[in-house]
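Below is one structure, written out as structure tokens; comments come after it.
Throughout, read-outs are computed from the coordinates displayed, never taken from laboratory work. A quick note: this is a predicted structure, and the numbers were derived from the prediction, not measured. As a convention, Cβ positions derive from the backbone with ideal geometry for all residues, glycine included, and neighbour counts pool all protein chains shown.
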Amino acid sequence: MYTYIDKAINDRVQLTLQLDDGSQLVGMPSWPKDRSRVNIKAHGGAAWIPLADIRHVTT
């Protein structure tokens with residue numbers, strides 16, 4: 001999962017995250033200082049997603 005997130009950040013492409021609760025987020029990822037979560041900037045605003053809540057990552 002870290003590899004896909006890092007690649008999307010470096011390539012400046014959007015990610016699709018499928019979360020444990022069944023929801024999906026699409027947006028531009030970035031790492032905060034604490035790498036236990038990822039920041040996703042989407043159309044509706046920004047969201048901090050704990051890595052433990054992510055089921056699948058698609059680039």
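Data overview
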read-out	value
Net charge of Cβ neighbours under 9 Å - reference Asp20; Lys, Arg +1; Asp, Glu -1	-1
Against the rule of thumb 2.2 N^0.38 Å, how large the Cα Rg of the chain comes out	0.97
